[in-house]
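The values are calculated or read from the model by the stated rules, or taken from the named source; none is laboratory data. Computed from a prediction, not measured in an experiment: that's the story for all the values here. Neighbour counts run over all protein chains shown; Cβ positions are idealised from the backbone, glycine included. For the accessible areas, the whole protein counts, side chains as well, though only heavy atoms, and no ligand, DNA or RNA atoms are used. Shrake-Rupley method; radii C 1.70, N 1.55, O 1.52, S 1.80 Å.
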Amino acid sequence: MIDLNIEKTLGFISKEKVFAYEAQAKAAQEALENGTGKGNDFLGWLHLPSSISKEHLAELKATAQTLRENCEVVVVAGIGGSYLGARAVIEALSDSFTWLRDKKTAPVILYAGHNIGEDYLYELTRYLADKKFGVINISKSGTTTETALAFRLLKKQCEDQRGKDVAKQVIVAITDAKKGAARVTADNEGYKSFIIPDNVGGRFSVLTPVGLLPIAVAGFDIDKLVAGAAAMEKACGKDVPFVQNPAAIYAATRNELYKNGKKIEILVNFNPKLHYVSEWWKQLYGESEGKEHKGIFPAAVDFSTDLHSMGQWIQEGERTICETVISVEKTNHKLEVPTDEQNLDGLNFLAGKRVDEVNKMAELGTQLAHVDGGVPNIRIVIPALNEESIGGLLYFFEKACGISGYILGVNPFDQPGVEAYKKNMFALLNKPGYEEESKAIRARL
């Protein structure tokens, strides 16, 4: 399902050093499988693809159909892993000019609760003012500030515009099974709800209802998405030999590069549809490995666009970087470069060629230039932009992240540092219960 190639890292590290990680990778796999490693109460993602039932998928699809039939727009309210996985898949599979689609085909999917931008939220509510819209509220606790604030606004607007009875049909909660403000609200209001499993953290939750419901609402085949992930689960399984396990090889390679001074990994794509896959990947690896003053810094660029902005730094800046390039083997459409009689732009040498051929040569030329400039390159090829390939790619990165985090020696499944800004924000906003912190922090200002 994917082809992982590390050959263009071998001028910087040796294959022998990468393969020397076999014992560590095996130990990491065993810790994941046996639940003996750090964060072992958050391993529900590990065999999630192969355990999702047809009945569960059918229930998600039925709820998605209700939203599709009753909404022109569906707003996904969530932050971090509560929206990035869904957005990554939806953006990768959607028509790039999705707002021009026939609204009868699928609702427009918008996002809220991932920032506290007043202008953004004002403009969103203005846009929704004459729309039949619904909301998928994704929050385990229901009290995450960004999402709770957005949902409070959207809930009121939906009820005011569509009435409480209709709002009950078009607001769906994805939350904890038993506790939390979002669960209480869902039960009190009678919303359809789905459960975020206790043992699946947000950044690993794309194959739970957190990701699957919005993806289904957008009109994509979640059966195929899950099947692709399940195939990758098997391909990266604990009994697969190290040299044949792409997740283990990727984890080992990036750790050896890190050991040799490559402190920044840049995820590169040459297809603009993969922008939000990069955003999802940044959270997955940044939140999983950035602990105890350790961890590769995850960055991302969209090529060839960013070759005209970040390209200079990547080519000749500080040599603390490596690149992982995602390449899509086959495009979904065909477009050839036409001949122009005057040839003022000098592009007739490209006449008759596929645009994708030009893009692939830009990719190869960039890779060669960057390797010559001192940047090791890992290459990941997926067959196409479809549900199976994207499902497999996401699971590959998840499994590799778990192995890589254990090799690094951190807990890949917690995020204690995320709470620091929240405590300060609550103190500054005089949230009840934060009086002492408020006094202390204001004394520092």
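Among the residues of the stretch 173-195, how many are buried (at least 22 other Cβ atoms within 10 Å of the Cβ) and among the β-branched types (Val, Ile, Thr)?
Count: 2.
Where in the stretch 345-445 are the helices (runs of 4 or more DSSP H), entirely inside, with at least 1 residues that are open to solvent by less than 40 Å² (accessible area, probe 1.4 Å), in contact with a strand residue (DSSP E or B) (Cβ under 7 Å, 6 or more places away or on another chain) and among the aliphatic types (A, V, I, L, M)?
It comes to 355-372, 387-408.
For residues in the stretch 308-326 being part of a helix (DSSP H, G or I) and not acidic (Asp, Glu), which is most open to solvent (accessible area, probe 1.4 Å)?
The selected residue is His308.
Which condition number does Pro241 fail, the rest of (1) closer than 30 Å to Ala420 by Cα; (2) open to solvent by 50 Å² or more (accessible area, probe 1.4 Å) being met?
Checking Pro241 against (1) closer than 30 Å to Ala420 by Cα; (2) open to solvent by 50 Å² or more (accessible area, probe 1.4 Å), the one that fails is (1).
Is one or more of the residues making up the stretch 15-22 assigned to a helix (DSSP H, G or I), buried (at least 19 other Cβ atoms within 10 Å of the Cβ) and touching a Lys or Arg at 6+ places or on another chain (Cβ under 7 Å)?
Within the stretch 15-22, none of the residues are assigned to a helix (DSSP H, G or I), buried (at least 19 other Cβ atoms within 10 Å of the Cβ) and touching a Lys or Arg at 6+ places or on another chain (Cβ under 7 Å).
Out of curiosity, is Lys273 outside any helix (DSSP H, G or I), in contact (Cβ under 8 Å) with a residue 60 or more places away in the chain, open to solvent by 10 Å² or more (accessible area, probe 1.4 Å) and over 27 Å from Lys140 (Cα atoms)?
No; evaluated as a whole, the condition is false for this residue.
All but one of (1) at positive phi; (2) surrounded by 18 or more Cβ atoms within 10 Å (Cβ to Cβ) hold for Gly35; which doesn't?
Condition not satisfied by Gly35: (2).
Would you point out which residue out of Pro376, Pro416 is farther than 18 Å from Val18 by Cβ, touching a residue at least 40 places away in the same chain (Cβ under 8 Å) and not small (Gly, Ala, Ser)?
Of Pro376, Pro416, the one residue that is farther than 18 Å from Val18 by Cβ, touching a residue at least 40 places away in the same chain (Cβ under 8 Å) and not small (Gly, Ala, Ser) is Pro416.
Six or more apart or on different chains, Cβ under 7 Å: which pairs go from a residue in the stretch 148-165 that's aliphatic (A, V, I, L, M) to one that's open to solvent by 80 Å² or more (accessible area, probe 1.4 Å)? Could you list them?
That search, which allows pairs on different chains as well, returns Leu149/Ile116.
Inside the stretch 182-216, can you point out the residues that are closer than 25 Å to Val108 by Cα, polar (S, T, N, Q) and outside any loop (DSSP other than H, G, I, E, B)?
Result: Ser193, single match.
Test each condition in (1) crowded, with 18+ Cβ neighbours inside 10 Å; (2) touching a helix residue (DSSP H, G or I) at 6+ places or on another chain (Cβ under 6 Å) for Asn70 and report the one that comes out false.
With (1) crowded, with 18+ Cβ neighbours inside 10 Å; (2) touching a helix residue (DSSP H, G or I) at 6+ places or on another chain (Cβ under 6 Å) applied to Asn70, the lone miss is (1).
In the stretch 287-307, how many residues are among the β-branched types (Val, Ile, Thr), without any contact (Cβ under 8 Å) to a residue 40 or more places away in the chain and either within 18 Å of Arg319 (Cα to Cα) or in a strand (DSSP E or B) (or both)?
Residues meeting the conditions: 1.
Can you tell which of Leu307, Leu335 is among the hydrophobic types (A, V, I, L, M, F, W, C) and closer than 14 Å to Asn271 by Cα?
Of Leu307, Leu335, the one residue that is among the hydrophobic types (A, V, I, L, M, F, W, C) and closer than 14 Å to Asn271 by Cα is Leu307.
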